[in-house]
1. Can you list the helices (runs of 4 or more DSSP H) lying wholly within the stretch 154-246 that have 1 or more residues being modelled with pLDDT of 95 or more?
2. Answer yes or no as to whether GLN107 is without any contact (Cβ under 8 Å) to a residue 60 or more places away in the chain, buried (at least 16 other Cβ atoms within 10 Å of the Cβ) and either closer than 30 Å to GLU162 by Cα or basic (Lys, Arg) (or both).
3. Which one of these is in contact with a helix residue (DSSP H, G or I) (Cβ under 9 Å, 6 or more places away or on another chain) and of a type in the set (Ser, Thr, Tyr): SER205, SER234?
4. Looking only at the stretch 66-94, which residues are over 15 Å from VAL133 (Cα atoms), in a loop (DSSP other than H, G, I, E, B) and in contact with a helix residue (DSSP H, G or I) (Cβ under 7 Å, 6 or more places away or on another chain)?
Amino acid sequence: MSNFHGQVALVTGASRGVGASVAQMLALGGANVVINFKSKNSRALEVANAIRTNGCHALLAQADLTNDHEMREMIKLVKEQFSRLDLLILNASGGMEKDKAADYATQLNHTAQVRAVELALPLMPVGGRIVFVTSHLAHFYGDKPVYPVYEPVAQSKKAGEEALRSRIPQLTTNGIKLVVVSGDMIEGTITPKLMERHNPGMIESRREHAGFLPTVEDFARAIVNASADSQLESGATIFVGSTNWD
């Protein structure tokens, strides 16, 4: 496990799935972790307790990333508690939920990602790192086909990624790197399950075509490794799972 001793990491969407695994892996490496979550307090508390068991600090930070005030309060909390932020892991995403505004995917996957970076930058020292977590369907949006039900997510996440990449010169001036980690469908996560409802048999078909699907642990480990790898250039993309799509 990489050495994150003394570092402070903020993981968005860290109460379950990939985000929870990333948070716990970072703590195993010695990081103090800010666990962002929207509403699942009990799940977030379980993650925090697991981290504290390892002897690291865990800070619960409830915030809806589409809410500017809540985001500002979260970053204020990080500043008060730790006074710095070494790693910003932009894991949270969405856009397939029911009963959301028409622009919800854009607000979460684009606007909120840029806001998170802008708010976090004043706390990030030279050597800091931002990791944007995405999917192959989003990363290759416009070049490869996408399932219609996922298109709003893919389009908005692609826009979010491009918006962050456009800030690389500014980040470089501040001594901070941006790395993108893109994954195939991840076994057991919520997005493929939601997509499966609209396209029965889709997951098995993708598994057969790709040869395998990465697990939550596979994807989380790649994100954590990307957070630590000093050899990666800013703007580098790490692919997890097959990129063969047609």
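1. Output list reads 168-173, 216-228.
2. Criteria met by GLN107.
3. The match here is SER234.
4. The answer is THR66, ARG84, LEU85.
A quick yes/no check of all residues on (1) under 16 Å from ALA236 (Cβ atoms); (2) touching a Ser or Thr at 6+ places or on another chain (Cβ under 7 Å); (3) surrounded by 15 or more Cβ atoms within 10 Å (Cβ to Cβ); (4) not basic (Lys, Arg):
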{"residue": "ASP143", "(1), (2), (3), (4)": "no, no, no, yes"}
{"residue": "VAL149", "(1), (2), (3), (4)": "no, no, yes, yes"}
{"residue": "PRO152", "(1), (2), (3), (4)": "no, no, yes, yes"}
{"residue": "GLN170", "(1), (2), (3), (4)": "no, no, no, yes"}
{"residue": "VAL180", "(1), (2), (3), (4)": "yes, yes, yes, yes"}
{"residue": "GLY183", "(1), (2), (3), (4)": "yes, yes, yes, yes"}
{"residue": "MET195", "(1), (2), (3), (4)": "no, no, yes, yes"}
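To keep it simple, each residue is scored yes or no on (1) crowded, with 17+ Cβ neighbours inside 10 Å; (2) among the hydroxyl-bearing types (Ser, Thr, Tyr); (3) closer than 24 Å to LEU171 by Cα.
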{"residue": "THR12", "(1), (2), (3)": "yes, yes, yes"}
{"residue": "SER21", "(1), (2), (3)": "yes, yes, no"}
{"residue": "VAL34", "(1), (2), (3)": "yes, no, yes"}
{"residue": "PHE37", "(1), (2), (3)": "yes, no, no"}
{"residue": "ASN54", "(1), (2), (3)": "no, no, no"}
{"residue": "ILE75", "(1), (2), (3)": "yes, no, yes"}
{"residue": "GLU80", "(1), (2), (3)": "no, no, yes"}
{"residue": "ARG84", "(1), (2), (3)": "no, no, yes"}
{"residue": "ILE89", "(1), (2), (3)": "yes, no, yes"}
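The values are calculated or read from the model by the stated rules, or taken from the named source; none is laboratory data. Predicted model only: the values in this text are computed from it and were never measured. FYI the Cβ positions are ideal-geometry reconstructions off the backbone, even for glycines, and counts take in every protein chain you see.
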